[in-house]
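Visitor: Quick one: the structure is below, and I'll ask about it shortly.
The values are calculated or read from the model by the stated rules, or taken from the named source; none is laboratory data. No experiment lies behind these values; they were computed from the predicted model shown. Neighbour counts are summed over all protein chains in view; Cβ atoms, including those assigned to glycine, are modelled from backbone coordinates with ideal geometry. Note: areas computed on protein heavy atoms with side chains; ligands, DNA, RNA excluded. Shrake-Rupley method; radii C 1.70, N 1.55, O 1.52, S 1.80 Å.
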Amino acid sequence: MLNSRQRAQLRGLANSYETIFQIGKSGLSDTLNRQIDDALYARELIKCRVLNTAPVSVREAADTIAQACGADVVQVIGSKFILYKKSNNKDIKPIVLVK
């Protein structure tokens with residue numbers, strides 16, 4: 001569980017990130033969840049977008065994916081949301097969160 005200072009830190013980091021997943025008319029699927037989980041393992045912090053044609057709202061998509069992947073929802077704003085999951089991948093530089 002993230003506290004408000006950690007969320008603020010992660011929001012600042014994600015500000016310059018590109019959106020790497022878009023959820024469209026096909027909605028949520030197990031394949032999408034696996035891809036997002038793999039991206040979280042490789043990056044720890046990702047930004048996703050829900051298109052207008054999607055059958056789910058942005059909040060529903062963020063909460064469902066976060067629960068399926070074991071991630072934390074950092075922010076939901078407009079059509080985008082940010083997810084964070086601490087990774088044990090040795091090949092990346094981990095994000096150090098404030099206490």
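Visitor: Considering only GLN6, GLY27, VAL74, whose Cα is most displaced toward the positive end of the charge dipole of the chain, charges sitting on Cβ of Lys, Arg (+1) and Asp, Glu (-1)?
Guide: In the chain, that residue is GLN6.
Visitor: Here's something else I'd like to know. Within 14 Å, Cβ to Cβ, of ASP30, how many net charges do the neighbouring residues add up to if Lys/Arg are +1 and Asp/Glu are -1? Each step should come with its number before you reach the end.
Guide: Values: positive: ARG34; negative: ASP37, ASP38.
Residues near ASP30 contribute -1 overall.
Visitor: For segment 5-16, in order, what is each residue's ³J(HN,Hα) by Karplus, 6.51 cos²θ - 1.76 cosθ + 1.60 with θ = phi - 60°, in whole Hz (x at glycine and Pro)?
Guide: 5, 5, 4, 5, 4, 5, 4, x, 5, 6, 4, 8
Visitor: Hey, can you grab everything whose amide H is under 5 Å from the amide H of GLN75? Only 5+ residues off in sequence or another chain; H modelled, so Pro and N-termini drop out.
Guide: Close amide H contacts, sequence-distant or interchain: ILE82.
Visitor: On to the next question. Grab the other residues whose beta carbon is less than 13 angstrom from that of VAL96, score K and R as +1, D and E as -1, and report the net.
Guide: On the way: positive: ARG5, LYS86, LYS93, LYS99; negative: GLU44.
Once positives and negatives cancel, what remains is +3.
Visitor: If you average the sequence gap of Cα pairs under 8 Å that are 6 or more apart and divide by the length of the chain, what percent do you get for the contact order?
Guide: On the way: 150 pairs, mean separation 32.1, N = 99.
The normalised contact order for the chain reaches 32 percent.
Visitor: Excluding ILE46 itself, what net charge comes from residues whose Cβ is under 14 Å from its Cβ, given Lys and Arg +1 and Asp and Glu -1? Could you put the intermediate results ahead of the total?
Guide: Numbers: positive: ARG11, ARG34, ARG43, LYS47, ARG49, LYS80, LYS85, LYS86; negative: GLU18, ASP37, ASP38, GLU44, ASP72.
Around ILE46, the surrounding residues sum to +3.
Visitor: For segment 1-85, which chymotrypsin sites (Phe, Trp or Tyr not before Pro) are in a loop by DSSP, counting at most 13 other Cβ atoms within 10 Å? Please list the in-between numbers first.
Guide: Details: sites: TYR17, PHE21, TYR41, PHE81, TYR84; in loops: TYR17.
Answer by residue number: TYR17.
Visitor: Let me ask something else. Rounded to the nearest 500, what is the chain's calculated 222 nm mean residue ellipticity when only DSSP H runs of at least 4 contribute -39500 (n - 2.57) each, over all residues? Please list the in-between numbers first.
Guide: Details: 3 runs with 37 residues, N = 99.
Rounded to the nearest 500, the figure is -11500 deg cm²/dmol.
Visitor: Output ³J(HN,Hα) for segment 20-37: one whole-Hz value per residue in order, computed from phi by the Karplus curve 6.51 cos²θ - 1.76 cosθ + 1.60 with θ = phi - 60°, and x for Gly and Pro.
Guide: Karplus values, whole Hz, x for Gly and Pro: 10, 9, 10, 9, x, 5, 6, x, 8, 8, 5, 5, 4, 4, 5, 5, 5, 4.
Visitor: State in Å² the accessible area per residue of the chain; use a 1.4 Å probe, count heavy atoms of protein chains only, and round to the nearest integer.
Guide: On a per-residue basis, 62 Å².
Visitor: Still on this structure: Roughly what percent of Cα-Cα pairs across segment 38-99 reach past 18 Å? Present the calculation step by step, with values, prior to reporting the outcome.
Guide: Working: 693 of 1891 pairs.
Across segment 38-99, Cα pairs with separations above 18 Å total 37 percent.
Visitor: By how many degrees, 0 to 90 and rounded to 10, does the Cα axis of helix 58-69 deviate from the longest principal axis of the chain?
Guide: Helix 58-69 sits roughly 60 degrees off the main axis of the chain.
Visitor: Separate question: Ignoring ligands, DNA and RNA, what percent of the 1.4 Å accessible area of the chain is carbon and sulfur?
Guide: Working: 2920 of 6140 Å².
It is 47 percent, rounded to a whole number.
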